[in-house]
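Everything on this sheet refers to the single structure shown next.
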Amino acid sequence: MRIRNGYDLLPTSKVVTFETASLHHLKYGEEDVGKTDARHIAELYPYVGKHPINALQRVKGRDNPLDRYIADRSKKDLCISTVNKAIILVNKIGYLCVNTYGLLDNWTPVKPIALKEGVRLGLRKSKSTQSLTWDEEVVLLKHLPSWLGRMVRFSMLTGCRDQEICNMRWSWLIKTDDMWFFKLPSDYTKTGHERP
């Protein structure tokens, strides 16, 4: 067994499956490896787990486990970007296997789903989000009850998500010097990190 940058590496002659690469990623990955990566890996595993990671290429006219994954996901009324996040994770793990973990000698990125292909497969287009203008914000807040208006204003000014606001507790309130703030625990934030 080889060692590189403090990682336990497999012999280069061994075929690296998606299972091996993803477990290595979950064990040695950066701090941003979290629930989202683990969820995508769990969704991908039944389709690509035992396949060599270098064999995961989407080639037109050739059966591929990734294409079966995409076909099954398209039956669940998902957005193109949601399915592409899993493909992007496969690419991320592939690059890390080459550049950081030393499990592979090279990596050819997997082609994500293009808009036309996604629509043909039955996936929804991603919704475009647009911020409210100041004038629209004033009109919106004017038409809300005062108690709801304060909550909406708090949400807009802090950027907190629904789950973070609805689960907020007074015990999270902290005072430092002359400032009060809520410190959200990692269990309640989308990123999995504590956040003021």
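The values are calculated or read from the model by the stated rules, or taken from the named source; none is laboratory data. Bear in mind that the values here come from a model prediction, so they are computed numbers and not experimental data. Don't worry about glycine lacking a Cβ; one is built from the backbone with ideal geometry, like all the others, and counts go over all protein chains shown. We work out accessible area using only protein heavy atoms, side chains counted, and drop any ligands, DNA or RNA first. Shrake-Rupley method; radii C 1.70, N 1.55, O 1.52, S 1.80 Å.
Considering only ILE70, CYS97, PHE181, the residue lying farthest towards the positive end of the dipole of the chain is ILE70, judged by Cα position with unit charges set on Cβ. Here the calculated FRET efficiency for GLN130 and ASP77, from their Cβ-Cβ distance with R0 = 25 Å, stands at 0.65, rounded to the nearest 0.05.
Magnitude of the charge dipole for segment 94-196, about its Cα centre and with charges confined to Cβ atoms of Lys, Arg (+1) and Asp, Glu (-1), is about 440 debye. Per residue, the chain reaches -14000 deg cm²/dmol at 222 nm when only DSSP H runs of four or more residues are counted, each adding -39500 (n - 2.57). LYS116 sits among other residues whose Cβ lies under 14 Å from its own Cβ, and their net charge, with Lys and Arg +1 and Asp and Glu -1, is +4. With R₀ fixed at 25 Å, the C-beta to C-beta distance from LYS111 to GLN163 puts the FRET efficiency at about 0.15. A 1.4 Å probe, protein heavy atoms only, puts the accessible area of ARG150 near 150 Å². Solvent-accessible surface (1.4 Å probe) assigned to LEU26 amounts to roughly 70 Å². Residues whose amide H lies under 5 Å from that of CYS79, counting only those 5 or more places away or on a different chain, are ARG124; hydrogens are built 1.01 Å from N in the peptide plane.
With one equal scatterer per alpha carbon and no solvent term, the Debye-computed log10 I(q)/I(0) for segment 39-164 at 0.12, 0.17 1/Å reads -0.65, -0.89. Across the chain, the mean sequence separation of Cα contacts (distance under 8 Å, 6 or more residues apart), normalised by length, yields a relative contact order of 17 percent. Between the listed residues CYS79, ALA38, PRO145, the Cα displaced farthest toward the positive end of the dipole of the chain, a dipole computed from Cβ unit charges relative to the Cα centre, is found at CYS79. Under a model in which nothing but the beta-carbon of Lys, Arg (+1) and Asp, Glu (-1) is charged, segment 155-196 shows a dipole of about 80 debye around its Cα centre. Given +1 at the Cβ of Lys and Arg, -1 at the Cβ of Asp and Glu and no other charges, the dipole of the chain around its Cα centre is 700 debye to the nearest 20.
Can you give the local net charge around GLN57? Use residues other than it whose beta-carbon is closer than 14 angstrom to its beta-carbon, Lys and Arg +1, Asp and Glu -1. Taking every other residue near GLN57 into account, the sum is +3. With a 1.4 Å probe and all protein chains left in place, how much of the accessible area of segment 103-178 comes from carbon and sulfur atoms, in whole percent? Carbon plus sulfur share of accessible area: 56 percent.
Can you give me the Cα centroid spacing of segment 167-182 and segment 103-162 in angstrom? So the separation of the two Cα centres works out to 28 Å.
Judged by the mean number of other Cβ atoms found within 10 Å, the most tightly packed of the peptides 50-61, 82-93 leads the ranking 82-93, 50-61. Taking 7 Å steps out from each Cα toward its Cβ at VAL98 and SER155 produces label points 4.3 nm apart.
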